[in-house]
Amino acid sequence: VGLFGSGVGLSLVLGFGVAYACYYLSSIAKKPQLVASNERFCRFLEEYCPVVTETYYPTIWCWEGRVQTLLRPFITSRPQVQYRNELIRTADGGQISLDWFDNNDSLYYPDASTRPTVLLLPGLTGTSKESYILHMIHQSETLGYRCVVFNNRGIAGEDLLTPRTYCAANTEDLEAVIHHIHSLHPSAPFMAAGVSMGGMLLLNYLGKTGRDTPLMAAAVFSAGWNVFESVESLEKPLNWLLFNYYLTTCLQSSISRHREMLEKLFDMDLVMKARTVREFDKQFTSVMFGYRTIEDYYEDASPCRKLKSVGIPVLCLNSVDDVFSPGHAIPVEAAKQNANVALVLTSCGGHIGFLEGIWPRKCTYMDRVFKQFVQAVFEHGNKIFSM
C-alpha cells in the first residue's frame, strides 16, 4: 500500500493545511492600522469608508509583498474604458496628454457641469492604460463620476515639444492640469488620487499649496515616502533583480523615442548605460530639473518632508511589506501631527498589490478603499471639511 493509500499522506496534507490556515489567520490576515490624530476624520472613515477598519485577507496563496507586486499586473482584469484624449499646452511650450472618461451616461449626475470629477495620477512610467487606473475608472463609473488621467510628458505616445519630461518633485505640470480641469468644470466637486510616484507628486503638490487648491480631498496609494530609503531598498540584490533593473529599462525606454529632442541637453549614451533607478536619476532626472546633486533631488522629492503642510483631507494606503516604500520609512509620527492626514497601513499587500480572494481578478483591497473613500468625500464630505 502506497503512502497516500495508507492514509498517512492524507493526514500529512491535512495537518499541513490546518497549520497553514492557523498561521494565515493569526499572522497574515489582520486589520489595517489606522493612523489619524483627528477623531472626527477617524469617525468619518469608520462610518463611510469601513473597509479601512475591516480585516484584510490577502490572497492565501500569494500574500508576500514581492509576489503580490509581481503578479498583480498579470492576474487582475483590464476593464474596457473609452477615453477622450486632450492635449494641453504648458507655459514652457510643452504639451500634456489628458485622457478623459466623461461618463456621459451617468444616471446619478446627468448634468456634466456638476458631475464629480476624479483626477488620476499613474505611477512612474504608467499611463491611462494601467490596470489599476482602469479599475479606478470602473469603480468611478458605477458611482456616476467623471475621471481624468494625467499622463506625464512623453509617456502616452505624444511628442515632446521641449527637452523636458517629469519628476516627483516638480509640480508645475500637475498645477497646470488641476487649474485646467477646474476651469472647465468650476461647479463640479473635484478630488484626486495618485498611485506610487503619482501619489508622491500629488502629496508634494498638496504640501506646496496647503489649502489653496480646488481639490476637496485626495487619496494616495503605495507612495514612496522617503526616496533615499526607497532606492536603498530597491538596490538590495533580490529587489534589484526583480524590480530595479526592469524599472530602469522602462525609464530608458520611455525617453528613447524622444532621443533626438533630449540629446540637445543630455549625454544620452551615458543615460542609457544606467543599471539602477539611482543612476538614471543622477544622469538624467536631477540634471533636467536643475538640482546640484542627486541628494538634493531626492530630498525635494520625498513627500515625508512636506506632510505637515497638507491642508485638505488625504487618505494614504501603504503596505508595510512594500519594497518600493519600506515600512520603517512611512512617516507615522509626522502624520499624527496633521489633522488632515490619515494613514491606512496593511501588513501585506506589496506595491500596488493588495490582492484578496482566492482568484483576485476583478477587485483588490486598494480598489475597495478607493471606491469607498471617493464616494464618502463626494456624498458626505461636508462632515469632514469643517474640521
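For this structure, a couple of remarks:
- Residue, surrounded by the fewest Cβ atoms within 10 Å (Cβ to Cβ), within the stretch 104-137, restricted to residues that are in contact with a helix residue (DSSP H, G or I) (Cβ under 6 Å, 6 or more places away or on another chain) and part of a loop (DSSP other than H, G, I, E, B): THR125
- In the stretch 62-94, the residues that are open to solvent by 30 Å² or more (accessible area, probe 1.4 Å) and of a type outside the set (D, E, K, R): TRP63, VAL67, LEU70, LEU71, PRO73, PHE74, GLN80, GLN82, TYR83, ASN85, LEU87, ALA91
- Some residue of the stretch 156-175 being in a strand (DSSP E or B) and in contact with a Leu (Cβ under 7 Å, 6 or more places away or on another chain): no
- Residue list for the stretch 183-205, filter: over 21 Å from MET136 (Cα atoms) and touching a residue at least 60 places away in the same chain (Cβ under 8 Å): SER187, ASN204
- Filter result (assigned to a loop (DSSP other than H, G, I, E, B) and surrounded by 16 or more Cβ atoms within 10 Å (Cβ to Cβ)) within the stretch 48-59: CYS49, TYR57, THR59
- Some residue of the stretch 150-166 being β-branched (Val, Ile, Thr), under 17 Å from MET191 (Cα atoms) and either in the same structural domain as MET191 (by the TED database) or open to solvent by less than 10 Å² (accessible area, probe 1.4 Å) (or both): no
- Residue match in the stretch 138-147 (condition: touching a strand residue (DSSP E or B) at 6+ places or on another chain (Cβ under 8 Å), at pLDDT 95 or above, under 24 Å from ASN170 (Cβ atoms) and surrounded by 14 or more Cβ atoms within 10 Å (Cβ to Cβ)): yes
The values are calculated or read from the model by the stated rules, or taken from the named source; none is laboratory data. Fair warning: this is a prediction, and the values are worked out from it, not measured in the lab. Note that we place each Cβ from the backbone using ideal geometry, even for glycine, and neighbour counts take in every protein chain shown. Side chains are part of the model used for accessible areas, which takes the heavy atoms of the whole protein and leaves out ligands, DNA and RNA. Shrake-Rupley method; radii C 1.70, N 1.55, O 1.52, S 1.80 Å.
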